[in-house]
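Questions regarding the structure given below will be posed in turn.
The values are calculated or read from the model by the stated rules, or taken from the named source; none is laboratory data. This is a predicted model, so every value here is computed, not measured. Cβ sites come from the backbone with ideal geometry, for glycine too, and all protein chains shown count toward neighbours.
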Amino acid sequence: MRDIITIDKFLSVWIVFYSIGYLLKIFPYNPLILLAMAIAFFIIASIIIIYYHNKNSNLLYFFIINSIFKIPLFAMVYLQNKKITDYDILFTFYIVIFYIIYIEIRGDDIFCIYRDLVLFIINENDGRIPQIFYHGKKFI
């Protein structure tokens with residue numbers, strides 16, 4: 001059996017959960033920069049995936065997962081029209097640093113995680129399987 005990339009290893013999952021908490025007024029710091037980073041990765045990865053698209057690609061899966069969560073959350077946070085403060089920038093920095101440390105403690109590499117994700121989306125026979133896809137495939 002191939003390795004699975006667990007859901008906790010994706011920074012974008014952290015960003016989505018935090019953003020929902022922010023919209024529910026549970027968390028105080030604006031996640032707009034984090035959401036912009038997640039969407040930037042989505043756009044860059046999409047360009048690479050489209051370029052290498054083939055019959056084994058999971059392009060639709062990638063677009064659906066990213067479009068359902070990241071884009072609507074970005075729009076909702078943006079429409080709140082709250083300015084980004086120095087504290088929001090500092091919080092963004094701390095989250096990214098904490099994520100890097102967490103991944104290192106878990107014995108993985110950020111570059112490898114996202115490379116394997118893109119490889120898997122391009123061709124489901126390559127890279128590691130994202131956990132959400134592995135479990136979602138059982139229901140399809």
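Sort out which residues of the stretch 90-121 are farther than 23 Å from A36 by Cα and either among the basic types (K, R) or in contact (Cβ under 8 Å) with a residue 24 or more places away in the chain (or both), and write them in order of number.
The answer is R106, D108, F120.
Give the residues of the stretch 39-73 that are of a type in the set (D, E, K, R) and surrounded by 11 or more Cβ atoms within 10 Å (Cβ to Cβ), sorted by residue number.
K70
On to the next question. Return the total of residues in the stretch 2-27 being farther than 17 Å from G127 by Cα, assigned to a loop (DSSP other than H, G, I, E, B) and touching an Asp or Glu at 6+ places or on another chain (Cβ under 9 Å).
Qualifying residue count, the stretch 2-27: 0.
Which residue is surrounded by the fewest Cβ atoms within 10 Å (Cβ to Cβ), if the candidates are limited to the stretch 74-89 and must be aliphatic (A, V, I, L, M) and within 10 Å of L32 (Cβ to Cβ)?
Restricting attention to the stretch 74-89, the residues satisfying the condition of being aliphatic (A, V, I, L, M) are 75-77, 79, 84, 89.
Then keep just the ones that are within 10 Å of L32 (Cβ to Cβ); that gives 77, 84.
Values: V77: 19, I84: 13.
Filtering first and then ranking leaves I84.
Scan the stretch 40-60 and give yes if some residue there is over 20 Å from D8 (Cβ atoms), of a type in the set (D, E, K, R) and without any contact (Cβ under 8 Å) to a residue 40 or more places away in the chain, otherwise no.
Taking every residue of the stretch 40-60 in turn, at least one turns out to be over 20 Å from D8 (Cβ atoms), of a type in the set (D, E, K, R) and without any contact (Cβ under 8 Å) to a residue 40 or more places away in the chain.
When the stretch 95-116 is examined, which residues are found to be of a type in the set (F, W, Y) and at pLDDT below 95? Break it down into steps so the answer makes sense when it comes.
First, the residues of the stretch 95-116 that are of a type in the set (F, W, Y): 98-99, 102, 111, 114.
Listed by number, the residues that qualify are F111, Y114.
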